[in-house]
1. Sequence-distant or interchain residues sharing an amide H contact under 5 Å with GLU46, placed H: which?
2. Mind ordering 21-32, 39-50, 89-100 by average Cβ neighbours within 10 Å, highest first?
Amino acid sequence: MPDSQPQPPHSPSPSGPADRGSLLLSGARLTDGRTVDVRLHGGRIEAVGTAGSLTPRRTLGSLPPGGVPGPGPRPGSDGHLNPGGHLDLGGYLLLPAPADPHVHADTALTADA
C-alpha cells in the first residue's frame, strides 16, 4: 500500500507560504496545563518553546524594502496577518489536528487477497 508509507516533506514553491515569513502563536495552553509559544514557517511547525521564549522569524522575503523591519506585525485591513505575524492565543487551548486512527481488523484479516 503506497499510501501508508511515510512521504518526504514537500519543498515549498517559490510563491508558496514559505515566502510569507512565519507566524508566532504565543501563550497557547496545552492539555497538560503548560503554556507555550509555537512558531510556524512554511506551513510546518518550526519551533515550540516555553511562553515568551520565541520570536517571529523574519526571512528576506518578509522584510520590507530596505531590509529594515517596521513595528510589530499587525493584522491588515482585510483581517489577515502580515508576514512575520504574531497571534496571541492567551486563554485558548491548543489541540492537535483530529485524527481517526482506527482500523477494521475483522475485514483486513478475512478479505481475499
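Readers should treat all values here as calculations from the given coordinates under stated rules, not as data from a laboratory. Note that the structure is predicted; figures quoted are calculated from it, not measured. For neighbour counting, all protein chains shown are included, and Cβ atoms are generated from backbone atoms with ideal geometry for every residue, glycine included.
1. ARG39, LEU40, HIS41
2. Details: 21-32: 17.9, 39-50: 14.8, 89-100: 8.9.
For the peptides 21-32, 39-50, 89-100, the packing ranking is 21-32, 39-50, 89-100.
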